[in-house]
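Below: one structure, written as C-alpha cells.
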C-alpha cells in the first residue's frame, strides 16, 4: 500500500489539531460532572476520520489525544487514551466509508459519529474499570460510573459538532476528496 506525501501531511496536521483542541484550556467547556470540563477533541478525531479515512482517523486520534494526556502530566492515562481514541478514529472512518471521488452518505456519517460517541463511553468504561481495579477494587465501579455521564455528553456533543462541520464542508466543496 502506497501512502502519498499529501496524506501523511494531512494526517500530521490532524494529529496537531486533535492535540491542540484537546489540550488548550481556553477550548475547554466547564462541566459539573467529572472530569470537570469537556473538550471537543473527539470532534476533531471524527472529522479526521470522515475526511481522511479510517487509518488517518486512528493515527490522529491515538497520537493527538495521547500527546495531550502526556502534556497535561496525566501519563498514566495516555495508554488508555491511545487505545480508545485510536479505535474511535478507525471505526468512524470505517463506518463513514468515503470512497474515492465520493462524499460519504449522510446516513453513514450519522451512524459513524454515533458509533464514535459510543466507543468513547464504552472504551473508557472498560479500560478505566480494568485500570482502577488494579488500584482499588472496591471503588472501581463507583469511580467509573461517575464518569459515564460526562463521557456521554462529550461524545454526543463531539458527534453533533463533527457531523455538522463535515456536512458544511460538503456543501462548500472546498475539497473533492482527501482520501
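Only one of (1) surrounded by 17 or more Cβ atoms within 10 Å (Cβ to Cβ); (2) closer than 16 Å to residue 85 by Cα is not met by residue 126, so which one is it?
Result: residue 126 fails condition (1) only.
Which number in (1) buried (at least 16 other Cβ atoms within 10 Å of the Cβ); (2) at pLDDT below 95 marks the one condition that residue 74 misses?
It fails just one condition, (1).
Of everything in the stretch 148-174, what is touching a residue at least 60 places away in the same chain (Cβ under 8 Å), more than 18 Å from residue 112 (Cβ to Cβ) and either surrounded by fewer than 17 Cβ atoms within 10 Å (Cβ to Cβ) or in contact with a strand residue (DSSP E or B) (Cβ under 6 Å, 6 or more places away or on another chain) (or both)? Give them in sequence order.
149, 153
Name the one entry in 45, 63, 87 that is modelled with pLDDT of 95 or more, farther than 19 Å from residue 117 by Cβ and under 13 Å from the mean Cα position of the chain (by Cα).
Matching residue, one of 45, 63, 87: 63.
Against the condition modelled with pLDDT of 80 or more and surrounded by fewer than 16 Cβ atoms within 10 Å (Cβ to Cβ), how does residue 112 come out, does it pass?
no
The values are calculated or read from the model by the stated rules, or taken from the named source; none is laboratory data. Model, not experiment: these values are computed from the prediction. Positions of Cβ are generated from backbone atoms using ideal geometry, with glycine treated the same way; all protein chains shown enter the neighbour counts.
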